[in-house]
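The values are calculated or read from the model by the stated rules, or taken from the named source; none is laboratory data. Treat the numbers as computed from the prediction; the structure is a model and nothing was measured. Positions of Cβ are generated from backbone atoms using ideal geometry, with glycine treated the same way; all protein chains shown enter the neighbour counts. Heads up: the accessible areas ignore ligands, DNA and RNA and are worked out on the full protein's heavy atoms, side chains in. Shrake-Rupley method; radii C 1.70, N 1.55, O 1.52, S 1.80 Å.
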Amino acid sequence: MAHTAAHALRRDAVRNRDELLACAQREIARDPRVSLATIAQAAGLTRRALYGHFADRDALVRAVIERGADRFNAIANGVAEAEPLEELIELTTRLWHEASLVHASAAIALEERYLALTAASLAPLRARLAAIVEDGQRTEQIRRDISAAMLTRLIEETARTLIVRWDQQDAEVTAQLAVRAVLSIAGLSWQDVEARLASTSTSTSTSTSTKGASGAR
């Protein structure tokens with residue numbers, strides 16, 4: 001009986017911590033400078049209860065960064081296997097959509113003081129990107145005049161700059177810019193980029209229409 005009760009308490013503690021982190025992520029997305037008192041209030045907790053989970057605001061922010069990284073890693077893992085450029089387009093598009101939903105917390109994760117933590121937490125995503133670049137170079141779809149490691153780093157730094165300088169007033173244009181910038185760095189001309197994006201858009205529309213027709217039947 002005592003063992004069962006202790007297990008239930010641990011399960012409740014994990015659930016409460018997860019709910020607190022989800023709430024903190026939402027609040028930080030609204031206001032990067034949000035106070036612990038505001039986060040605690042939004043989570044329905046006292047500040048004392050919040051400190052029972054995290055020693056200070058920095059510890060909470062680091063936990064939020066790790067939680068966000070888990071979502072990005074899951075997206076990278078879920079990208080369907082295809083030709084390298086198609087994988088790169090899907091990865092960039094889906095990651096950018098996720099980043100736009102929690103832009104402020106994503107931008108905080110890319111600040112210099114948290115960069116080492118973010119890089120380590122995003123290791124699976126970075127490995128997937130590196131594999132796409134290496135595969136693209138091997139099949140000659142991606143430029144080969146720069147080493148795969150350097151090219152991967154350039155793509156990461158470009159994404160970082162775009163997130164930090166993201167224009168919330170024109171999110172759709174910025175999202176398109178992210179994909180165009182990544183493909184351009186990969187070695188495509190602007191004409192090739194346009195053709196690729198048009199082809200991807202057509203394929204997506206056709207797939208959606210087909211699924212809709214199947215559902216109607």
### Query
How do Arg47, Arg180 rank by accessible surface area computed with a 1.4 Å probe, from largest to smallest?
Arg47, Arg180
## Note on the structure
FRET efficiency for Arg48 and Tyr114 from the Cβ-Cβ distance with R0 = 25 Å, rounded to 0.05, comes out at 0.45
#### Entry: Shape call, the range 22-78: gyration tensor on alpha carbons, a/c limit 1.5
prolate
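Over all directions, average the projected area of the Cα convex hull of the range 90-182 and note it in nm². Spell out each step's value before the answer.
Numbers: hull surface 23.9 nm².
Orientation-averaged projected area of the Cα hull: 6.0 nm².
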### Query
What is the local net charge at Arg143, summed over the other residues whose Cβ is closer than 15 Å to its Cβ (Lys, Arg +1; Asp, Glu -1)?
-1
### Query
Taking the highest mean first, how do the peptides 110-120, 90-100 order by number of other beta carbon atoms within 10 angstrom per residue?
90-100, 110-120
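So, with a 1.4 angstrom probe, what is the percent of accessible area on the range 65-198 that is carbon and sulfur?
Answer for the range 65-198: carbon and sulfur cover 53 percent of the accessible area.
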### Message
As a test of the definition: which semi-axes, in Å, follow for the range 13-156 when you take the square root of five times each eigenvalue of its alpha carbon gyration tensor? Largest first, please.
### Response
35, 14, 12
### Summary
Binned at 10 Å from zero, the C-alpha pair distances of the range 65-111 give percents of 26, 51, 21, 1
### Query
With every protein chain left in place, what is the accessible area of Thr139 in Å² (1.4 Å probe, nearest 10)?
70 Å²
